[in-house]
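To start, the structure itself, in structure tokens.
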Number of protein chains: 2
Amino acid sequence: MSLSQRILSGDIRAAARLMRNIDDNLPSSRTELQDLFPHTGKAFLIGVTGPPGAGKSTLVDQITAAYRKQNKRVGVVAIDPTSPFTGGAILGDRIRMNRHADDEGVFIRSLATRGHMGGLSRSTADVANVMDAMGMDVIIIETVGVGQDEVDIVRLAHTTLVVMVPGMGDDIQAIKAGILEIGDLFVVNKADRDGADKTARELSLMLEMNRYAEGSWRPPVLRTEAQRNVGVEELVETMDKHRQWLMNSGEINQLLREKDSSLLQTLLKERLFAEVYDRIDQDGRLREILEGMQVRTQDPYSAVERILGERLNS
Amino acid sequence: MSLSQRILSGDIRAAARLMRNIDDNLPSSRTELQDLFPHTGKAFLIGVTGPPGAGKSTLVDQITAAYRKQNKRVGVVAIDPTSPFTGGAILGDRIRMNRHADDEGVFIRSLATRGHMGGLSRSTADVANVMDAMGMDVIIIETVGVGQDEVDIVRLAHTTLVVMVPGMGDDIQAIKAGILEIGDLFVVNKADRDGADKTARELSLMLEMNRYAEGSWRPPVLRTEAQRNVGVEELVETMDKHRQWLMNSGEINQLLREKDSSLLQTLLKERLFAEVYDRIDQDGRLREILEGMQVRTQDPYSAVERILGERLNS
């Protein structure tokens, strides 16, 4: 049986195997993903992002527990910074959510930020698709950071949660503004800390500056203390409300189109580059161009245009 | 006269114009960059990165002033988070380094994080190349954040400065590890704050865990108070030392090859995608594929492989 057939029949180990193949970018993984694709589109995808130190992992742990109480199966894709020494993800599956380790209703996968050749958002989408086809009801995608990559990854979700924390640095205003438009829900975590009120108030004020059309979703600002599991239930209810709103308003259709378009673009970008780069590497032109660039007799701009002028497969 | 000719003859306004054209991705900007390329490779490129709130902008301001005292011309490329309301860069040229506003030896350009179609590192390289051809002696590239994008951008530099700040959040260890291998110099800024010693010590310890080959560069950990201009002179001296080491050890050659290779890859990736995406958009296939994906009769994986099988230009 193929990996995809085994995954569709509930084989967890086959899923883990395919995810490793996706990481290693094996060509066979594309065929498996192709076969799984018709079985995707059922899960509720939640994106969780925010600056480092906001307590996102703990919050994701509690959200997972809350959905488990509702007897929903939960997948978690955690994008972790990579260790320069081991090459592996630092926060890793290992230390993540030990309490769910024996729970067959929870499937956790860490992806490291390095070594994806800029294809991290593609890998994340692929892994989420495998979890979706496996029958996970909820898939949580967690990213550390506030860069463009994180924004792209969060675009994979139906509902995006931005986690803030009281009392951060000077240019927090800038970051807040940068993530203001991607959040469907904002959470001030560690809400027992000094400055929680101020942070929540500032966020609300900045959100109010935005114009909302009649009937559109107005992102609420919630408070949690993930460590003590305070406010998590309300958070989960509010996420479910957002999902309901997506369905009832018909916004879900636009969102799904954007998700599909984004996956297609990511795949196209990555595969085109891989094919063409491989070819110029093998026929020796890559070396020739780089040598020319070194002595400035060759500029990269015209070299690339020359390559574009050729057959893609020949 | 073409923009590139005007730039080579010292016309600042022509440079600003070309940078706008690069932002707008005008095809003509590629021809201009092509003509400027032989005149690049002379400037010393410094990358400055680190978590939000570390005081990077102020530090860059002071470094600029220090190089101006040496009568060197300084270019600054600042990657700023984008405002969701205006679409423009938040920290912007406007509020950046007012004191250098009337100094013809300083050229500052802010790039916004949004709207680059994943091509931010290409735009940054292009703008740095324009400044290089203009005759800037030092070019400082400043990024906010710790994501993969930032790492890619910092790879454009000869010397990379990682700015930390005392007393950050819980997962600071992870971030530190993530940026440990990209820093040639580490700076604990706001060194008058509580915890500065601890942060510096932790950084040094983590760096010592690394194995250094005989004669290789060992990244020092410095302290600054950028606001009061404390420690900046020593920082500039240490950066110059790193540059000297690059030259004397011959490491510079490897570094320049990597920079060239990275620029070529970035250009290739972006142009290939743009050309092919445009084509499938215009001939109606994009819409067809997306419609098929929506009802799950078409998977994106085989659609992309089909496109790869075609002529690139036909």
So, restricting to helices (runs of 4 or more DSSP H) that lie completely within region B:51-143, which ones have at least 2 residues that are facing chain A (nearest Cβ under 10 Å) and at pLDDT 90 or above? B:120-134
Looking for whichever is more than 8 Å from chain B (Cβ to nearest Cβ), more than 16 Å from B:Glu270 (Cβ to Cβ), touching a helix residue (DSSP H, G or I) at 6+ places or on another chain (Cβ under 9 Å) and free of Cβ contacts under 8 Å to residues at least 24 places away in the same chain here; the options are A:Arg279, A:Arg296. Which one fits? A:Arg279
Going by the conditions given, is A:Lys42 within 14 Å of chain B (Cβ to nearest Cβ) and not in a helix (DSSP H, G or I)? yes
How many residues are surrounded by 18 or more Cβ atoms within 10 Å (Cβ to Cβ) and over 19 Å from B:Arg122 (Cβ atoms) when one looks only at region B:244-286? 3
Scan of region A:287-299 for residues that are under 36 Å from the mean Cα position of the chain (by Cα) and surrounded by fewer than 20 Cβ atoms within 10 Å (Cβ to Cβ), ordered by number: A:Arg287, A:Leu290
Please work out if B:Gly47 is within 14 Å of another protein chain (Cβ to nearest Cβ) and within 19 Å of the chain's Cα centre (by Cα). no
Considering only residues that are surrounded by 14 or more Cβ atoms within 10 Å (Cβ to Cβ) and acidic (Asp, Glu), look in region A:194-232 and name the one that is nearest to A:Lys69 (Cα to Cα). A:Glu225
On the given criteria, is B:Glu208 of a type in the set (Asp, Glu) and touching a residue at least 12 places away in the same chain (Cβ under 8 Å)? no
Please work out which one of (1) in contact with a strand residue (DSSP E or B) (Cβ under 7 Å, 6 or more places away or on another chain); (2) modelled with pLDDT under 95 is the condition B:Arg243 fails and give its number. (2)
For B:Glu310, only one of the following conditions fails: (1) within 9 Å of another protein chain (Cβ to nearest Cβ); (2) under 22 Å from B:Ile153 (Cβ atoms); (3) not in a helix (DSSP H, G or I). What is its number? (2)
Return the residue satisfying two criteria in turn: it lies in region A:202-261 and is assigned to a loop (DSSP other than H, G, I, E, B) and touching an Asp or Glu at 6+ places or on another chain (Cβ under 7 Å), and of such residues it is farthest from the other protein chains (Cβ to nearest Cβ). A:Gly231
Those residues that are closer than 20 Å to B:Gln62 by Cβ, of a type in the set (A, V, I, L, M, F, W, C) and in contact (Cβ under 8 Å) with a residue 60 or more places away in the chain, I need them from region B:211-265; list them, please. B:Ala226, B:Val232, B:Leu235, B:Val236, B:Met239
Going residue by residue through region B:148-167, is there one that turns out to be at pLDDT below 70, touching an Asp or Glu at 6+ places or on another chain (Cβ under 7 Å) and within 8 Å of another protein chain (Cβ to nearest Cβ)? yes
Could you identify the single residue in B:Glu275, B:Glu270 that is among the acidic types (Asp, Glu) and within 22 Å of the chain's Cα centre (by Cα)? B:Glu270
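The values are calculated or read from the model by the stated rules, or taken from the named source; none is laboratory data. Everything quoted here is computed from the prediction, not taken from an experiment. A quick note on method: Cβ atoms are made from the backbone with ideal geometry, for glycine too, and the neighbour counts reach across all protein chains shown.
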